[in-house]
Amino acid sequence: MSETVEKKKRIFSGIQPSGNITIGNYYGALKNWTQMQDEYESIYCVVDLHAITVRQEPAKLRNKTRELVALYIATGLDPVKNIIYPQSHVRQHAELAWILGCFTYMGELNRMTQFKDKSAKNESNINAGLYTYPVLMAADILLFQTDVVPIGADQKQHLELARDIAQRFNHTLSDTFTIPEPYFGKVGARIMSLQDPTSKMSKSDANPNATLSLLDEPNILTNKIKRAVTDSVGVINYTNEQPGVKNLLDLYCCGTGDSIEEALAFFEGKNYGQLKASVAEVTVNELKPIQDEFHRLMKDKKYLDDIIHTNSERASFLAEKTLRKVKKKVGFIV
Ligand code: TYM
């Protein structure tokens, strides 16, 4: 009897090592990654090239990059089964980005909402890297012939651009790139600020009470959740008219794995204080083991550096296969 071994589909995703990684990054991206690692061949990058589109302190960036590698592992990503590495260690990202930039229209980049938001926040440093950032993101994804990209809702527009660039390249120079699909979790694709629940929770928020950092101590997490902005309705509903309560329910469901319906049934007749206490408990239970493992890993710099080096080589090997193909297609001598 003949046996067919199906090739696993490939995942690529990344997080910038800037600011403090939030529970939004965790529930929107990282937690889904850990749940997908058996089913897919996965590549998880710490995107330090992206981070320098906004000024970073060099020593801090280096630490944050190592910390994020440790956090990936601490959340449960296996560094042998998956490829985990810093983007700057694999030069093919930047090389492919240049080539893809020549297949991207300025009109497309002008439409990117994140560029508009980020330029408004960094008026003194609207650099070309910030503008061409989505091209680098397309290169990250296309370099690995990625099938699926697990991301939060804020990256949807960038992913669509990556698909457009891939299709344009394939159409102009014959089939080269796999066209990637996005993957969003059932809940948690858009965790909102605790202080302004109509805007996204963001690592760069200046108000520390607005975000839950993955590394906040349990009492800090609890206090921030207790101070979260709600409303004067007084009833626990899941609606856009009550964005603060809706966000707390999302946080609860992301932690417990319950559906929104199950959570609404559980909280029926309960008040906001009880909702917040439950969210705090669930959040602390979710993050405490990750924090303990993170602190243990950070004491072993050699282990982390070994992972970084071996995994960068694995990534580079795969990336080179695509880059060589691309170079040939555009007419470079290879
Ligand atoms: P970054 O570093 O801003 O965020 C990392 C991941 O976290 C998700 N995310 C959220 N999800 C839910 N609620 C939130 N409040 C929230 N905030 C952030 C993001 O959607 C993202 O999935 N450009 C990317 C990094 C990147 C990348 C890539 C991602 C570079 N190259 C290739 C995928 C594939 C970024 O800045 O993510």
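The values are calculated or read from the model by the stated rules, or taken from the named source; none is laboratory data. This structure is a prediction, so every number in the text was calculated from the model and none was measured. As a convention, Cβ positions derive from the backbone with ideal geometry for all residues, glycine included, and neighbour counts pool all protein chains shown. Ligands, DNA and RNA are stripped out before the accessible areas are found, and what is left, the full protein with its side chains, is counted by its heavy atoms. Shrake-Rupley method; radii C 1.70, N 1.55, O 1.52, S 1.80 Å.
For region 76-119, state the semi-axes of the equivalent ellipsoid (square roots of 5 times the eigenvalues of the alpha-carbon gyration tensor), sorted largest first and rounded to whole angstrom.
Rounded to whole Å, the semi-axes are 29, 16, 9.
Helix 58-74 and the longest principal axis of the C-alpha atoms of the chain enclose an angle of approximately 70°. The trypsin sites (Lys or Arg not before Pro) found in region 170-220 that occupy coil by DSSP, while having at most 13 further C-beta atoms within 10 Å, are K186. Here the scattering of the chain is modelled by Debye summation over its C-alpha atoms, one equal scatterer each and no solvent; at q = 0.09, 0.15 Å⁻¹ the log10 of I(q)/I(0) is -0.50, -1.29.
Computed 3J(HN,Hα) for region 219-233, one whole-Hz value per residue from the Karplus formula 6.51 cos²θ - 1.76 cosθ + 1.60 where θ = phi - 60°, is 5, 5, 4, 4, 5, 5, 5, 4, 8, 4, 6, 10, 7, 9, 5, glycine and proline marked x.
Electrostatic tally near A189: other residues with Cβ closer than 10 Å to its Cβ, Lys and Arg +1, Asp and Glu -1, net +1. Once the Cα atoms are used to define both axes, helix 128-143 deviates from the longest principal axis of the chain by about 80 degrees.
With every protein chain kept in place and ligands, DNA and RNA left out, what is the accessible area per residue of the chain? Probe 1.4 Å, answer in Å².
49
Counted over the chain, the DSSP beta bridges are approximately 10% antiparallel. Its Cα centre serving as origin, the chain has a Cβ charge dipole (Lys and Arg +1, Asp and Glu -1) of approximately 1000 debye. Just the protein heavy atoms count here, and of the accessible area of the chain at 1.4 Å, carbon and sulfur take up 52 percent.
Once you have the Cα-Cα distance between D78 and R314, take 0.36 nm times their residue separation minus that, and quote the gain in nm to one decimal.
Separation in residues times 0.36 nm, less the Cα-Cα distance, equals 83.5 nm.
Taking the C-alpha atoms only, the angle from helix 301-330 to the longest principal axis of the chain is near 50 degrees. With each label modelled as a point 7 angstrom along the Cα→C-beta vector, the E160-V330 pair spans 2.6 nm. Report summary: the helix-based calculation at 222 nm, which adds -39500 (n - 2.57) for every DSSP H run with n ≥ 4 and divides by the residues of the chain, gives -16500 deg cm²/dmol. Partner lysines whose Cα lies under 26 Å from the Cα of K276, excluding those fewer than 8 positions away in the same chain, are identified as K31, K186, K200, K203, K224, K226, K246, K288.
The GluC sites (Glu not before Pro) of region 1-90 that DSSP puts in a loop, and whose beta carbon has at most 11 other beta carbons within 10 Å, are E3, E6, E39.
Simple spin-label estimate for E262 and K203 gives 3.0 nm between the two label positions (7 Å along the Cα-to-Cβ direction from each Cα). On the beta carbon distance between C102 and N285, with R0 = 41 Å, the FRET formula returns roughly 0.25. Over the chain, what is the relative contact order in percent, taking alpha-carbon pairs closer than 8 angstrom and at least six residues apart? Relative contact order, the chain: 22 percent. The trypsin sites (Lys or Arg not before Pro) of region 274-334 that meet both conditions, a loop assignment by DSSP and at most 15 other Cβ atoms within 10 Å of the site Cβ, are K299. Across region 251-334, the fraction of Cα-Cα pairs farther apart than 23 Å, rounded to a whole number, is 59%. Partner lysines whose Cα lies under 29 Å from the Cα of K327, excluding those fewer than 8 positions away in the same chain, are identified as K7, K8, K9, K156. Site pair K226 and N63 shows an inter-label distance of 2.9 nm when each label is modelled 7 Å from Cα along Cα→Cβ.
Net charge of the neighbourhood of Y272, taken over other residues with C-beta under 14 Å away and scored Lys/Arg +1, Asp/Glu -1, is +3. Ratio of Rg to Rh for region 208-295: 0.97 [Cα atoms; Kirkwood radius as inverse mean 1/r over pairs].
Shown are E293, E123, whose ranking by accessible area with a 1.4 Å probe and every protein chain present, most to least, is E123, E293.
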